[in-house]
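Here the structure is laid out as structure tokens; the discussion comes afterwards.
The values are calculated or read from the model by the stated rules, or taken from the named source; none is laboratory data. Owing to the predicted nature of the structure, the values given are computational and were not obtained by experimental measurement. So basically every Cβ, Gly included, is an ideal-geometry build from the backbone, and we count neighbours across all protein chains shown.
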Amino acid sequence: MRKIFVSALVLVCLMAVSASAFSGHEAWKLKLDSPLTSGIAVSEGALFFGLESGTACAVNVNTGRIIWEVAGDNSVYGMPSVVRDMVIFARGDGEVIALKASDGSFVWATGGLGGRDIRGRAVNDGLSDGTSAGGGMVYVSKADSKVHAYRDSDGRTAWTYTTSDQGVRSAPTYSDGLVFVGEYDGIFSIIDAKTGRRLNGGGAGGAVNTPAAANGNVYFSSWDGSVNAVKIKGVIPLWNANVRDAITTQPEVSGGKIVVGTGRGTIVALDEKTGRILWRFNTNGGNISAKPVIADGLVFAGAESGAVYALDLATGRPAGTLSDANGLNSTPAYSGGLLFFGSGNNLYAVR
């Protein structure tokens, strides 16, 4: 079994992280026909993700064997949503497609917004992020400056919410009967999930990323460097912090901490209750677009170019580096002691 963490120092660091049993051994690697462009969802022993080529995939978590593949014309973006026996993907032309999780058979699809160029090639101008699901519906932001809500049973439109002219370039988030939306011009909106009516909101000085809901609160980060915490019940602002760099990822919330990535390649951890900055780590790898993942006392993160790091959640110190990775293509996943991530044209499982 090949180990892709390198150097004696790394091994010492890994042994020192007593909260984690993660060792850095490669469990399996799968060669893909094109780079992975979506996040990775895990459910019922399978990984669900999409590729730049437009292919939607399901892979066995233990073996890396492909369970099914469904081809498409447009790249798959954002995090797939698993709803009952379906997995729901968003494509670059704005199409949302639901497939049966067990065999990839077609369930329903919405229309896309994208067209084709003079050579007949699909044009990706519909969206650049994924879906969110809850309350019997699937939510997605599209390039028509609207948030669309589709019934998860048949894909029919339940409502649409019109944002500002600059629109939304990140996915909505569902929690507790509400849909949270961050807009490109800095507006943060709280929408009734049943009706599509805006109930409340706030703002920031830059584009707002996909919000994160956890522990009765919602957290939203912005390109102006700010992170805001709002109590969902009563819509009560809790705190505001600024990390002094443009934040380019959705917040990751776990273990009493909030972790974000920035456009300068920095991973920053904040205290979940107060917003106080706890530590910073510079990846020296350029813009971070993949949301960091917290698991087993570690933060897994990497820039678009360069290594993928395992950081001690408590201190931010590196516990290991994935040396033969070419950065993270998209948000990874952690389940059953295994880290799953796409790098280049490969999908890795590391334990």
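Considering only residues in region 312-322 that are modelled with pLDDT under 95 and in contact with a Phe, Trp or Tyr (Cβ under 7 Å, 6 or more places away or on another chain), the one that is farthest from K31 (Cα to Cα) turns out to be P318. Apart from one condition, V208 fits all of (1) at pLDDT below 95; (2) surrounded by 19 or more Cβ atoms within 10 Å (Cβ to Cβ); (3) in contact with an Asp or Glu (Cβ under 7 Å, 6 or more places away or on another chain); the exception is (1). Counting only strands (runs of 3 or more DSSP E) that sit wholly inside region 138-190, those with at least 1 residues that are among the charged types (D, E, K, R) are 146-151.
The listed residues are V308, V293, and the only one of them that is surrounded by 18 or more Cβ atoms within 10 Å (Cβ to Cβ), β-branched (V, I, T) and either modelled with pLDDT of 90 or more or in contact with a Cys (Cβ under 8 Å, 6 or more places away or on another chain) (or both) turns out to be V293. Those strands (runs of 3 or more DSSP E) of region 221-313 in which 2 or more residues are among the β-branched types (V, I, T) and under 30 Å from D176 (Cβ atoms) occupy 226-231, 257-261, 266-271, 293-295. Assessment of region 249-272 against the conditions (of a type in the set (A, V, I, L, M), more than 21 Å from P211 (Cα to Cα) and crowded, with 17+ Cβ neighbours inside 10 Å) yields no matching residue. Look at region 326-350: where a residue is under 16 Å from A46 (Cβ atoms) and a partner is of a type in the set (D, E, K, R), sitting 6+ places away or on another chain with Cβ atoms under 6 Å, you get L338/R351. Among the criteria (1) under 23 Å from N345 (Cβ atoms); (2) at pLDDT 95 or above; (3) not hydroxyl-bearing (S, T, Y), the one R156 does not fulfil is (1).
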